[in-house]
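Written out below as structure tokens is the structure these notes cover.
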Amino acid sequence: MSEQNFDIVVLGGGSAGYAAAIRAVELGLTAAVIEKDKLGGTCLHRGCIPTKALLHAAEVAEVSKDAAKYGIKAAFDGIDMSGVAAYREGIVSSKWKGLQGLLKARGIPVIEGEGRLVAANAVQVGDDRYVGKNIVLATGSYSKSLPGLDIGGRVITSEHALELDFVPKKVAVLGGGVIGVEFASVWRSFGAEVTIIEALPHLVPNEDESVSKQLERAFRKRGIEYSLGVRFQSVTQNDQGVVVTLENGQTYEAELLLVAVGRGPVTENLGYEEVGVTLDRGFVPTNERLETNVPGIYAVGDIVPGLQLAHRSYQQGIFVAEEIAGLSPIIVEDVNIPKITYCEPEIASVGYTEAKAAEKFGADQVSAFDYNLAGNGKSSILGTTGSVKVVRVNDGPIVGVHIIAGRAGELIAEAQLAVNWEAYPEDIAPFIHAHPTQGEAFGEAVLKLAGKPLHAI
Ligand SMILES: Cc1cc2nc3c(=O)[nH]c(=O)nc-3n(C[C@H](O)[C@H](O)[C@H](O)COP(=O)(O)OP(=O)(O)OC[C@H]3O[C@@H](n4cnc5c(N)ncnc54)[C@H](O)[C@@H]3O)c2cc1C
């Protein structure tokens, strides 16, 4: 049995874990990462990157189907899933190589193997013990299912969906949240018939209702079916496919059922509770400095209750390293973290929805303006519609921005700065947005809220 000592031992080498190690070493601390699978975790290998490659392939399919609209002669002749897989895997492996290089260049050891917390300051891998002045738990998340709904055969999760080497003819998607609508969007572009089943009254139910409604209209136009506000009851499967039954007795036949009902924390049987770390429904609660109830043990990423996003994970990793180094980093609340749903059309948002802002600040204290992209030149050129909604406190800051449009994700960077810096529309109004850009739409909404509309009425 060997023992090695570090300032920080990180259990889990996903977005949260490796970010903590990199920042720690930048600050002059020593750190090691323990990873049982592949450095980069869910985001790089099974999440953000491969799914966005699929979504881009889907966009290329849509553009090629639509080429005549732009006067371009091109014929769409179907999807070659092995080509799509090669493109997707190429991106993932180049990013993976780059990431390994980043850690190597900083001298951060990546210990391969399954780690277990064995003391408040130690993680064991096989016979070897890694002792840290501080421990950072970063073991991530897995695809959840519903009670009684077993994954297997034709009932699949996003991990299986990514690896499919064929386009299903007909697919049912259980869950109209981010992962569900992204796969629905890809499969529809690839030619599948898709039905989404969502128990809540809207698709992407955490978004501003106006955005959810626009997505529902856009999906309907694209031929994506959905059933809202009715719960799933059961599924049966046979050689041909699945039959999904809802609580209202409605049934759907499909070749596959994708279960996209959220992600649970990976915290079982890792020694957390034995060492005294309190769990709450499997998640690891922390104080606002991301320290667990056991002093010196921190938790970051998807195991911490709240938004499960890669950029939140990076931020938490960096935060914890700086906290341990005594820098007192600033806290970013979940509400101020930008979120993107990469379906077509894309959705991007930050801050409070109009309804939540009204609840928090009072309905008569809040104003919103929803700028229709029909008035935005660049959006017309790109052939996209949608809107940019800005929510402000009257005589106060911008507290929410909600965008739906092709490439909406690229527009959220400015909005998240405005929200996090608590900018007033009047602060931003004098500044200039380049023309023609989709970014002008945010400028137009801000001008309107500042009382000097240009192209908005
Ligand atoms: C289909 C899909 C699409 C997504 N798309 C996006 C997106 O577009 N944008 C976005 O921001 N987020 C996206 N996410 C979410 C994002 O992937 C996660 O929020 C992020 O990966 C969480 O990082 P993490 O470090 O907490 O966990 P993970 O990335 O899950 O990393 C945890 C790591 O810990 C390792 N581990 C676990 N237990 C042990 C152990 N005992 N010993 C050693 N190692 C262990 C695991 O192997 C894993 O590598 C997506 C997720 C999915 C599933």
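All of the numbers you see were taken from the coordinates with simple rules; none came from a lab. Bear in mind that the values here come from a model prediction, so they are computed numbers and not experimental data. Backbone-built Cβ (ideal geometry, glycine too); neighbour counts: all protein chains shown.
Remarks
- Inter-centroid distance (Cα atoms) of the range 412-429 relative to the range 59-125, Å: 32 Å
- With θ taken as phi - 60° and the Karplus curve 6.51 cos²θ - 1.76 cosθ + 1.60 applied, the whole-hertz 3J(HN,Hα) list for the range 437-449 is 9, 5, x, 4, 4, 5, x, 5, 5, 5, 4, 4, 5 Hz, x standing for glycine and proline.
- Whichever lysines have a C-alpha closer than 22 Å to that of LYS73, once near sequence neighbours (fewer than 8 apart) are set aside: LYS65
- Shape category assigned to the range 307-404 from the gyration tensor of Cα positions, a/c cut at 1.5: oblate
- Per residue, the convex hull spanned by the Cα atoms of the range 42-92 measures out at 69 cubic angstrom.
- The distance between label points at THR251 and SER93 comes to 4.5 nm (points 7 Å beyond Cα on the Cα→Cβ vector).
- Going from the fewest other Cβ atoms within 10 Å to the most, the residues TRP187, TRP96, TRP421 appear in the order TRP421, TRP96, TRP187.
- If you model the chain as an ellipsoid using its alpha carbon gyration tensor, with each semi-axis the square root of five times an eigenvalue, the axes come out at 37, 30, 22 Å, biggest first.
- Taking the charge dipole of the range 356-417 about its Cα centre, with +1 at Lys and Arg Cβ atoms and -1 at Asp and Glu Cβ atoms, the residue from LEU373, LEU417, VAL390 reaching farthest to the positive side is LEU373.
- Beta-bridge orientation, the chain: approximately 60 percent antiparallel, per DSSP, counting only bridges with both partners inside.
- Residues LYS213 and ASP239, FRET efficiency given R0 of 35 Å [Cβ-Cβ distance, rounded to 0.05]: 0.35
- Close amide H partners of ALA122, meaning residues 5 or more places away or on another chain with modelled amide H under 5 Å apart, are GLY132.
- Amide H within-cut-off set for GLU255, under 5 Å, with H built and near neighbours excluded: LYS170, VAL171, ALA172, VAL242
- Our estimate of slack between ASN293 and GLN100, defined as 0.36 nm per intervening residue step minus the Cα-Cα distance, is 66.3 nm.
- Set of aspartates and glutamates with alpha-carbon distance to LYS97 below 20 Å, sequence-local pairs under 8 removed: GLU35, ASP37, GLU89, GLU112
- Partners for LYS69 among lysines (Cα-Cα distance below 27 Å; same-chain residues under 8 apart left out): LYS52, LYS169, LYS213, LYS221, LYS378
- Amide H contacts under 5 Å for TYR226, placed H, 5+ residues apart: ILE196
- About its Cα centre, the dipole of the range 255-390 is roughly 400 debye, where the only charges are +1 on Lys and Arg Cβ and -1 on Asp and Glu Cβ.
- The average projected area of the range 1-143, computed from the convex hull of its Cα atoms over all directions, is 11.2 nm².
- Cα-based Rg and Dmax for the range 93-134, where Dmax is the largest Cα-Cα distance (Å): 13.0, 37
- Computed [θ] at 222 nm, deg cm²/dmol, the chain (DSSP H ≥ 4; -39,500 (n - 2.57); rounded to nearest 500): -9500 deg cm²/dmol
- The separation of the range 1-42 from the range 310-370, counted between C-alpha centres, amounts to 26 Å.
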